[in-house]
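Taken together, the values in this text are just the output of simple stated rules run on the coordinates, not laboratory data. These figures come from a predicted structure and were not determined experimentally. Backbone-built Cβ (ideal geometry, glycine too); neighbour counts: all protein chains shown.
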Amino acid sequence: MPKYESSVFDNSTDGMKEQLREQQIQSRDLFNRICKERQCHDCGAKEGELHVPGCDMETCPFCFGQLISCGCIYEMFYEGFSRDKPLSGLPKEVYENGVPEDVREKWEAELEKKGRIPYVIRPFICVRCGIHYPDLFMVPDDEWEAIVGPIFGTNVVLCRECYDHVKVLMEGGDT
Ligand SMILES: [Zn+2]
Ligand SMILES: [Zn+2]
Ligand SMILES: [Zn+2]
């Protein structure tokens, strides 16, 4: 395993400290701007309004996860759905091209019925380093539970850098 180096909390070089400080200032500025403008930074919805469909920041009213990436639509309309199966247990067509229009419409009706969740200012902060609005990335659920769960609980935000760092530590790698 290559030796892992984290720039977060790493005191070894001034350059790295500088870089972290820079990131923290930028994220702080973004959050200040959001509080001032009271607008979703992704889709522009005002606080209290619904997000524009497809916005990264919209929460699913069924699982409270990120709406654009949660599996609720598949769970509701595709019986065999499971992330562990090949093609996630979905028809090939759906796996490759996404859900057809009629299913999408039914899903949207279910969302309306349940009540879509409006935008409310809510800082997304990496629980380890305090960066605001880190870029989102995908990790399989079971991996997230195994790596992040024991330390932070599963319903948290981690930046990629901290995730990679924690992963190495949890897997007992040398750092
Ligand atoms: Zn939005
Ligand atoms: Zn969901
Ligand atoms: Zn972090």
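With a 10 Å cut-off between alpha carbons and a GNM built on the chain, which of 101, 112, 49 moves the most?
Per the Cα network of the chain with a 10 Å cutoff, 101 tops the list.
Are there trypsin sites (Lys or Arg not before Pro) in region 45-131 that DSSP marks as loop and that have at most 13 other Cβ atoms within 10 Å, and which are they? Show your work: numbers first, answer last.
Working: sites: 46, 83, 92, 104, 106, 113, 114, 116, 128; in loops: 83, 116, 128.
Passing sites in region 45-131 are 83.
Springs between alpha-carbon pairs under 10 angstrom, Gaussian network model over the chain: which of 118, 61, 86 fluctuates most?
86
Do you know the relative contact order of region 107-175, to the nearest whole percent, from alpha carbon pairs under 8 angstrom that are 6+ apart?
28 percent.
Test of understanding: what is the full-extension gain from residue 171 to residue 97, defined as 0.36 nm times their sequence separation minus their Cα-Cα distance? Each step should come with its number before you reach the end.
Details: separation 74, 0.36 × 74 = 26.64 nm, distance 3.56 nm.
The span from residue 171 to residue 97 would gain 23.1 nm if fully extended.
At what distance in angstrom do the alpha carbon centres of region 47-94 and region 127-175 lie from each other?
What the calculation gives is 22 Å, centre to centre.
Under the definition of Cα pairs under 8 Å and six or more residues apart, what whole-number percent is the relative contact order of region 8-96?
10 percent
Write out the chymotrypsin sites (Phe, Trp or Tyr not before Pro) in region 42-80 meeting two conditions: DSSP loop, and at most 16 other Cβ atoms within 10 Å of their Cβ. Don't jump to the answer; show the numbers that get you there.
Values: sites: 62, 64, 74, 77, 78; in loops: 62, 64, 78.
For chymotrypsin sites (Phe, Trp or Tyr not before Pro) across region 42-80 that sit outside H, G, I, E and B with at most 16 neighbouring Cβ atoms in 10 Å, the list reads 62, 64.
Under the √(5λ) rule applied to the eigenvalues of the Cα gyration tensor, what semi-axes describe the equivalent ellipsoid of the chain? Give them in Å, descending.
Working: eigenvalues 216, 118, 29 Å².
One finds semi-axes of 33, 24, 12 Å for the chain.
Positive end of the charge dipole of the chain (Lys, Arg +1 and Asp, Glu -1 on Cβ, about the Cα centre): tell me which of 98, 80, 124 has its Cα farthest that way.
Towards the positive end, the residue furthest out is 124.
Be a star and scan region 56-71 for residues whose amide nitrogen sits under 20 Å from the point 7 Å along the Cα-to-Cβ vector of residue 121.
From region 56-71, the list is 56-59.
If you average the sequence gap of Cα pairs under 8 Å that are 6 or more apart and divide by the length of the chain, what percent do you get for the contact order?
Working: 178 pairs, mean separation 42.3, N = 175.
Computed over the chain, the figure is 24 percent.
Let a ≥ b ≥ c be the square roots of the eigenvalues of the Cα gyration tensor of region 72-114; is it rounded (a/c under 1.5), or, if not, prolate (a/b larger than b/c) or oblate?
Oblate is the answer for region 72-114, as a/c is 1.5 or above yet b/c matches or exceeds a/b.
Distance in nm between label sites at residue 164 and residue 138, each 7 Å beyond Cα in the beta-carbon direction?
Computed distance between label sites residue 164 and residue 138 equals 1.9 nm.
Sequence neighbours fewer than 8 away in the same chain don't count; with that in mind, list the lysines whose C-alpha is under 19 Å from residue 114.
Cross-link targets: 106.
Please arrange 68, 147 by counting, for each residue, the other beta carbons lying within 10 Å of its beta carbon, fewest first.
Working: 68 14, 147 21.
Lowest to highest Cβ neighbour count: 68, 147.
Determine the calculated [θ] at 222 nm for the chain from helices alone, applying -39500 (n - 2.57) to every DSSP H run no shorter than 4 residues and normalising by the residue count; nearest 500 deg cm²/dmol.
Working: 7 runs with 72 residues, N = 175.
The helix-only estimate for the chain comes to -12000 deg cm²/dmol at 222 nm.
Under 28 Å Cα-Cα from residue 167, which lysines qualify once same-chain neighbours fewer than 8 residues away are excluded?
Reachable lysines: 3, 17, 85.
Tell me, 73, 25 in order of fewest to most beta-carbon neighbours within 10 Å?
Working: 73 21, 25 10.
Listed from fewest to most nearby Cβ atoms, that is 25, 73.
From the phi of every residue in region 69-84, what ³J(HN,Hα) in whole Hz does the Karplus formula 6.51 cos²θ - 1.76 cosθ + 1.60 yield, where θ is phi - 60° and glycine or proline is x?
10, 6, x, 4, 4, 6, 4, 6, 10, 10, 4, x, 4, 7, 5, 7
Just to confirm the filter: which chymotrypsin sites (Phe, Trp or Tyr not before Pro) across region 87-175 are DSSP coil and have at most 13 other Cβ within 10 angstrom of their Cβ? Walk me through the intermediate numbers first.
On the way: sites: 95, 107, 119, 124, 137, 144, 152, 163; in loops: 119, 124, 137.
Of the chymotrypsin sites (Phe, Trp or Tyr not before Pro), the ones in loops of region 87-175 whose Cβ has at most 13 other Cβ atoms within 10 Å are 137.
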